[in-house]
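Undergrad: If you scroll down you'll find the structure; I have some questions about it.
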There are 2 protein chains.
Amino acid sequence: MGPAVGHAKRNAGPHAVDRLAALLAEDLEAVDALIHHHMVSPVGVIPNLAAHLIDAGGKRIRPLITLAAARLCGGGGDGARKLAAAVEFIHSATLLHDDVVDVSAMRRGRKSANLIWGNSASVLVGDFLFARSFNLMVETGDIQVLDILARAASVIAEGEVMQLAAANDAETTRERYMAIVAAKTAALFAAAAKAGAVCAGRAGAEATALETYGRELGLAFQLVDDALDYGGLSQTMGKNAGDDFKEGKVTLPVVIARDAGDDSERAFWRRVMGGERSDDDFYRAQALLKRHDALAMTIEAAREHADGARRALASLPGNAYSEALAQLPDFVLERAY
Amino acid sequence: MGPAVGHAKRNAGPHAVDRLAALLAEDLEAVDALIHHHMVSPVGVIPNLAAHLIDAGGKRIRPLITLAAARLCGGGGDGARKLAAAVEFIHSATLLHDDVVDVSAMRRGRKSANLIWGNSASVLVGDFLFARSFNLMVETGDIQVLDILARAASVIAEGEVMQLAAANDAETTRERYMAIVAAKTAALFAAAAKAGAVCAGRAGAEATALETYGRELGLAFQLVDDALDYGGLSQTMGKNAGDDFKEGKVTLPVVIARDAGDDSERAFWRRVMGGERSDDDFYRAQALLKRHDALAMTIEAAREHADGARRALASLPGNAYSEALAQLPDFVLERAY
């Protein structure tokens, strides 16, 4: 399924996230301590499996957004840190269950947890992390924030089920696909940002602006990921590239190429997305995406959402945190190359 | 794996639960409406799969305990009903994930959801129901109650992982097994009862007494279930009987027979619980349980916990609700015959 060459930009610790992490170094350290404290369990499999995923070097982009949103609004401190840890736990639980659903073999450059500990352990430890995320939120004592994240959790699950139902459905429309992305990916980015503002006591316009920022950034993030799954603009195959194709996920690049294709191309997409796929089909798919400029158009769509994220920040106070958040959309787009 | 004869007492709608349901008919109807309202999703698989499980005629014993606890304490109304629905959602999510873990084929007399919709859908719809349980709790606006149920959710997941880790471990001790039962089953009964008291504004002695009641009742409930899995005292095989044996779950009847057995018997248990099992082995297992009176001793242990549940009610106000709750332990024990 394509050469498994590491995608340099993807692994090198990109500038904008690093800058945000440096700006929030103290907060982030506290969040990591909270995460490890709440992973503890006398049941050994739990911390072992959870650490395998959580310590594998994720970028912590979602908790960073929560922390930055809180600081931007003049808040921060213990509550925001607990929320940020809760956001990372929700994300981690989702990854564990995703890998079971997708029968993944790799995650963050390591063997996936389901491959090592089995599907059952991944399901149950995901449940544990999900429950712990609510323990952390309860510790903040902030019911408004619980509301935001509990709603996001429902929407994420709906998005995952929508994606499952759409798998191997070659006729998936662009509209439907974007609804999946909004639910499965953007909802948590949006909630992470909004919750940061709300826990800083800015439940009004600031929270709404940050929610929009998070949603738009999340949409851009997922679309870039979708392009990377076919090699991105540099056609360099990253570590999990080809997975969407293998799993029959009709992502935006496929939607664009399919809708622009002639009858024989549409028949090809119908066949390969419908379930009959060989390794050679992946190369034909890549060629068709190139013919119709589908990866560039996907990145263009991502750029529009990245712009939307930047615009959403305009109404917010200018400070080190809003400036750092304003650079994240660029980071997201840079990953495409 | 033994004749699949229905266990009459198990299906006939036992008296004490019916009485409780009649006493709380209005509440229960409202809870069912809440459950159905919160199962709604534009993603069709979700309500279909959820309804398959939730409408299959579960006894609603956990939400009934929440409702009765609230009424007993002079509370009730909207908050208690939402909590009761949340409790049922947590339970339902657990059942969906359990069936994936255990590769179950049947649940509540129907084909299990994982068999019809697949494991992935069961995992994700379980996640959805779990998230919705928190949506419902947030609607009550009661952070104390959220704390109780979020903690219970963590403990349940720990119990499930403990059980998974202990499967096929023929040396599981009685102490370890009871810790699994306390976590995977009794924690939700305890939280359901305690949350009812707390939402009625009785977070002190009443909540503690009801928590103990729930825990003890849950322990009794699970031990009776364990005995039923080998035919119970009447040696009538219920609908899921034999499952624990097939799954290598070392439950209390096995612990008792193993510890009382001679060397050759212990070698048998080591072999069959360790993973090498034939259908004939099940009959030998039943014979060994009979020889050592292991099912009767398991029910005796259940009876002690049932007594503990009744004792816990002694300090509470005497009213129709405490009287109805006082009868549930008998119902739990009657299931054993």
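The values are calculated or read from the model by the stated rules, or taken from the named source; none is laboratory data. Remember, it's a predicted structure, so these values are computed and weren't measured experimentally. Virtual Cβ from ideal backbone geometry, glycine too; neighbours counted across all protein chains shown.
Undergrad: For the stretch B:277-326, name all the residues that are of a type in the set (D, E) and assigned by TED's automatic domain parsing to the domain that holds B:G231. Break it down stepwise before answering.
TA: The initial filter retains those residues of the stretch B:277-326 that are of a type in the set (D, E), namely B:279-281, B:293, B:300, B:304, B:307, B:323.
Once the filter is applied, which keeps residues that are of a type in the set (D, E) and assigned by TED's automatic domain parsing to the domain that holds B:G231, the stretch B:277-326 yields B:D279, B:D280, B:D281, B:D293, B:E300, B:E304, B:D307.
Undergrad: Go through the stretch A:144-169 and count every residue that is surrounded by 19 or more Cβ atoms within 10 Å (Cβ to Cβ) and in a loop (DSSP other than H, G, I, E, B).
TA: 0
Undergrad: State all residues of the stretch A:126-148 that are more than 7 Å from chain B (Cβ to nearest Cβ) and in contact with a His (Cβ under 7 Å, 6 or more places away or on another chain); if no residue qualifies, say none.
TA: Within the stretch A:126-148, A:G126, A:L136 qualify.
Undergrad: Out of B:I46, B:I65, B:I35, report the one residue that is crowded, with 23+ Cβ neighbours inside 10 Å, of a type outside the set (F, W, Y) and within 14 Å of another protein chain (Cβ to nearest Cβ). Lay out the reasoning, then the answer.
TA: Numbers: B:I65 fails: within 14 Å of another protein chain (Cβ to nearest Cβ); B:I35 fails: within 14 Å of another protein chain (Cβ to nearest Cβ).
B:I46 is the lone residue from the list that is crowded, with 23+ Cβ neighbours inside 10 Å, of a type outside the set (F, W, Y) and within 14 Å of another protein chain (Cβ to nearest Cβ).
Undergrad: Look through the stretch B:93-109, keep the residues that are part of a loop (DSSP other than H, G, I, E, B) and among the small types (G, A, S), and return whichever of them is nearest to the other protein chains (Cβ to nearest Cβ).
TA: Looking at residues that are part of a loop (DSSP other than H, G, I, E, B) and among the small types (G, A, S), I get B:S104.
Undergrad: Which of the residues spanning the stretch B:104-114 are in contact with an Asp or Glu (Cβ under 9 Å, 6 or more places away or on another chain) and touching a residue at least 12 places away in the same chain (Cβ under 8 Å)?
TA: B:S104, B:M106, B:R107, B:S112, B:A113, B:N114, listed by residue number.
Residues checked against (1) in contact with a helix residue (DSSP H, G or I) (Cβ under 8 Å, 6 or more places away or on another chain); (2) buried (at least 17 other Cβ atoms within 10 Å of the Cβ); (3) farther than 24 Å from B:A203 by Cβ:
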{"site": "B:Y283", "(1), (2), (3)": "no, no, yes"}
{"site": "B:T298", "(1), (2), (3)": "yes, yes, yes"}
{"site": "B:A320", "(1), (2), (3)": "yes, no, no"}
{"site": "B:E334", "(1), (2), (3)": "yes, no, yes"}
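Undergrad: Considering only the stretch B:253-262, I want to know if a residue exists there that is within 18 Å of the chain's Cα centre (by Cα), assigned to a helix (DSSP H, G or I) and crowded, with 22+ Cβ neighbours inside 10 Å.
TA: Yes, the stretch B:253-262 contains a residue that is within 18 Å of the chain's Cα centre (by Cα), assigned to a helix (DSSP H, G or I) and crowded, with 22+ Cβ neighbours inside 10 Å.
Undergrad: Let me ask another. When only residues in the stretch A:113-125 that are more than 8 Å from every other protein chain (Cβ to nearest Cβ) and surrounded by 23 or more Cβ atoms within 10 Å (Cβ to Cβ) count, which is nearest to B:A165 (Cα to Cα)?
TA: Of everything passing the filter in the stretch A:113-125, A:S122 is nearest to B:A165 (Cα to Cα).
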